[in-house]
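All of the numbers you see were taken from the coordinates with simple rules; none came from a lab. In this text the structure is predicted, and so the values were computed from the model without any measurement. Heads up, the Cβs are rebuilt from the backbone with ideal geometry, glycines too, and the neighbour counts pull from every protein chain shown.
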Amino acid sequence: MSNKIPVLFSIGWNACINCGACVAICPQEAGFISPFDTIAVDRPCDIACLLCEDICPVSTITHQQISLSGQGTEITTPGTPS
Amino acid sequence: MTTKQYDLVVVGSGPAGSTTAYFAAQAGLRVLLVDKRQELGAPIQCSGAISRHGLTSVGIEIDAEYIHQPIYGFRILNEEGLEKRIDYRQLKPTEYGEAEDQVPLGYVVDRRRFDRYLMRRAERAGVDVWLKTEGLGYESRGAAGCTVKVKRFDEEIEIQAKVLVGADGLQSQVGRWAGMQTHIRINELASCLQFIVDRVEAEPLLEIVTGHEWAPGGYAWVFPKGEGYAEIGLGVIPTMTDHDARWHVDHFMRSSFFKERFADARILEVQGGGVPLAAPLRQQYADNLILVGDAARHVNPITGGGLHTAVSAGEIAGTFLAELINNGVSPLASELKGYQDRWYEAMGRQMWRLYETKSEIFRIKDIPERNRQLYATMSEYFSPDSQYKKI
């Protein structure tokens, strides 16, 4: 399930309905949230299970992989299966 | 930093939190109820259906302030549109109906108004309510109580309390503060989306549409919403479909046996959320802390209904905590277990049974057979002579 490469999530704020389902499914510890009741988008997620993307009723969560070498980021296409 | 003292701090002013606070304050506790939102009930994540019994059993008066629509029964539909009609006006006319000496079976409530109504009830019972106040963390000091840190607007405040009540919903942070096992599996969390629509006729019945084609892992619904509006929504289990809930609502509206009925629908509101079709949390307490409502997964695993279960659990929690604190008992996990035991006797056992029933249905691999089972179970569940004790 986890691909172990940390990811940085991005949310389409125009589509987001603030339903909180992404936070509900998130296995992170307390506090991995944004001020808009979504999962955090300002720091990498090292679990990278991507369940938040699966549960989102409007499919508006995407991610970039953060390369392990720290040499910038590799951008994945939205909807790419993990 | 300011410091305040209370018996209870309740985080989250939804139906569970407000009801817990109300019953605790009624029994003499000093209660602080905080919610980070500026407006309760919003953003709406719920269809708003609750039985009349669910309200009256916890002393909530039936009030036009929060009611969108009285409900008199159900229409359960299978994938092809075959229906079982369960209209309590016909089944139990001595009780249910529109006449003066009859009552509705239930209501669709306006969650903004309903949540505010329950908060106001708590406030009038002596609860202090702080909106725009987010919980930041808590620290147990054992028998002495706990310290709860909150942020009210931009001010950080520490509160000394005996017990912290986490009523902060399915996305509960309070449970995570205590390191509780709150994680829900992806195949037990329904991804839900609903539209409030104009130009769709709906009788005063809750319509429940089963069938893998329309709502894999869940069901679709059409509820009357008052003022001639209706609510069209559904919940799906993400592992059972390649599409999101939004796609499924669109598919249901355009392609199902209701497509002519929905042809002129105009969307007035878009709402959604996660609904647990899961077992309640195995442990709903820790030192100086309990969880109630969605935070403890007090949701009916068959219907996804969480209003009645939230206010009922709130009554149990508030009453229990008042007894505990008024008797000077240390609010440690070993004592707070009593809350869960009482809840288990009142509703928990039944919720676990319903979870087993639901799990058996969705374990069936053969889709037509699973469809048949779900339709039969839903039809049975809402019948007056149902073997399932309603929760």
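Each residue, residue B:327 and residue B:388, gets one label point 7 Å from its Cα in the Cβ direction; the gap between the two is 3.5 nm. On full extension, the segment bounded by residue B:136 and residue B:100 gains 8.0 nm, given 0.36 nm per residue less the C-alpha separation. Checking every one of the chymotrypsin sites (Phe, Trp or Tyr not before Pro) in the range A:1-71 against DSSP loop status and a limit of 14 other Cβ atoms within 10 Å picks out A:13, A:36. Please state, as a whole number in µm²/s, the translational diffusion coefficient that the Stokes-Einstein equation yields for the range B:315-373 at 25 °C and 0.890 mPa s, with Rh defined as the Kirkwood radius across alpha carbon pairs. D, rounded to a whole number, is 176 µm²/s.
Specify the angular offset, from 0 to 90 degrees and rounded to the nearest 10, of the alpha carbon long axis of helix B:367-381 from the longest principal axis of the alpha carbons in chain B. Approximately 70 degrees, to the nearest ten.
For chain B, the Kirkwood radius over C-alpha pairs fed into Stokes-Einstein at 37 °C and 0.692 mPa s yields D = 153 µm² per second. Helix B:349-363 axis versus longest C-alpha principal axis of chain B: approximately 40°, rounded to the nearest ten.
Note on the range B:11-81: Kirkwood radius taken over Cα pairs, Stokes-Einstein applied at 37 °C and 0.692 mPa s, translational D equal to 219 µm² s⁻¹. Against the compact-protein benchmark of 2.2 N^0.38 Å, the Cα-based radius of gyration of the protein assembly as shown scales to 0.97. Dividing the helix sum by the residues of chain B, where each DSSP H run of 4 or more adds -39500 (n - 2.57), gives a mean residue ellipticity at 222 nm of -8500 deg cm²/dmol. Taking the C-alpha atoms only, the angle from helix B:245-255 to the longest principal axis of chain B is near 20 degrees.
Semi-axes of the equivalent ellipsoid for the range B:228-338, computed as √(5λ) from the eigenvalues of its C-alpha gyration tensor and ordered from largest down, come to 41, 16, 9 Å. Put a dot 7 Å past the Cα of residue A:67, heading toward its Cβ, do the same for residue B:203, and the two dots end up 6.4 nm apart. Each part gets one Cα centre, and for the range B:279-339 versus the range B:1-68 those centres are 14 Å apart. Computed from point charges on the beta carbon alone (+1 for Lys and Arg, -1 for Asp and Glu), the dipole magnitude for chain B about its Cα centre is near 720 Debye.
For the range B:293-367, trypsin sites (Lys or Arg not before Pro) meeting the loop criterion (DSSP other than H, G, I, E, B) and having at most 16 other Cβ atoms within 10 Å: B:365.
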